[in-house]
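First the structure, in the form of structure tokens, and then the observations on it.
Any read-out appearing in this document is the output of simple, stated calculations on the displayed coordinates, not a laboratory observation. All values reported here derive from a predicted model rather than from experimental measurement. Don't worry about glycine lacking a Cβ; one is built from the backbone with ideal geometry, like all the others, and counts go over all protein chains shown.
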Amino acid sequence: MITARISTGIPGLDIMLNGGLIPGRTYLVKGAPGTGKTTLAMHFAMAGISNGESVLYITLEEPGENIKQDFSRMGFDVYNENFTLIDATPTTEHYVLVEDFFESFAKNLNKLTDAIKEQFKTKRYSRVVVDPITMLKFTSSDELEYRKAFLSFIKTMMRLRTTVLITAEGEQADIEEYLVNGVIELELFQKEGRLERALKITKFRGSGFDNVIRPYEITENGMVVYPDKSAL
Ligand SMILES: Nc1ncnc2c1ncn2[C@@H]1O[C@H](COP(=O)(O)OP(=O)(O)OP(=O)(O)O)[C@@H](O)[C@H]1O
Ligand SMILES: [Mg+2]
């Protein structure tokens with residue numbers, strides 16, 4: 001049986017994924033600062049928008065206004081009425097709330113899961129982005145609670161029948177890697193005195209994938225992945 005695929009919005013990456021992502025599942029994009037996690041997530045979101053879908057994008061670190069400014073300049077349709085950008089970046093008041101109510105990360109993630117569920121009562125979104133999850137994780141002390149909350153998040157998203165892309169900072173993303181359905185890793189490295197970018201897929205449940213590390217670039221129009229070139 002051939003599973004239907006949905007586009008990541010980046011043609012070269014779709015090729016590496018044997019056609020795209022399997023819908024209704026949760027995926028992780030991990031990488032160091034500035035590697036392009038938000039850019040990749042925005043391509044994923046906009047692929048939905050240009051398909052007439054509704055997309056929910058939750059930003060937890062970069063202020064929503066910044067995202068709108070930068071990505072509209074790159075030609076992304078961030079003011080489209082089907083694109084809902086929720087700015088969940090902390091303000092001073094939010095920090096107080098976090099300390100009072102959510103002493104562990106797990107409780108934070110559960111709160112996020114509930115907030116998304118609430119949001120779906122008004123509208124059905126076929127794609128959801130959480131960018132990045134790392135912020136919530138820093139307040140966690142209990143790994144078991146975190147795993148439970150993360151699994152419950154994934155199961156809730158499955159029930160909502162939406163495809164989810166989560167971003168995370170590389171070093172901190174090990175637990176999530178086990179639990180999600182697929183992992184895309186972005187890397188910056190030095191080669192002949194310059195910074196180069198490389199992308200690899202390390203996991204994709206239910207599918208084969210390109211296991212070669214491929215170069216990518218971030219241009220004024222976003223991310224371009226070269227599925228015919230090798231990064232090394
Ligand atoms: N017009 C452009 N031309 C070339 N590169 C660009 C352009 N705009 C952005 N970039 C590159 O994209 C990078 C930012 O990408 P992005 O915000 O997606 O990364 P990120 O992994 O989400 O970073 P962070 O961890 O800080 O959130 C910049 O550091 C810059 O190198
Ligand atoms: Mg980012």
Original post:
Picking from A168, A41, A32, which is most flexible by a Gaussian network model of the chain using Cα springs under 10 Å?
Top reply: A32
Subject >> For the chain, built as a Gaussian network whose Cα springs stay under 10 Å, the top-fluctuating residue of L17, L165, L151 >> reply: L151
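If you filter the range 133-206 for trypsin sites (Lys or Arg not before Pro), then keep DSSP loop positions with at most 15 other Cβ within 10 Å, what is left?
Within the range 133-206, the qualifying trypsin sites (Lys or Arg not before Pro) (loop, at most 15 other Cβ atoms within 10 Å) are R161, R205.
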**OP:** Quick one: Debye curve from the alpha-carbon atoms of the chain only, equal weights, vacuum; give me log10 I(q)/I(0) at q = 0.12, 0.13 Å⁻¹ to two decimals.
**Re:** -0.64, -0.76
Subject >> Percentage relative contact order, the chain, counting C-alpha pairs under 8 Å, at least six apart >> reply: 29
Original post:
Contour minus end-to-end for L179 and S230, with contour as 0.36 nm per residue of separation and end-to-end as the Cα-Cα distance?
Top reply: 15.5 nm
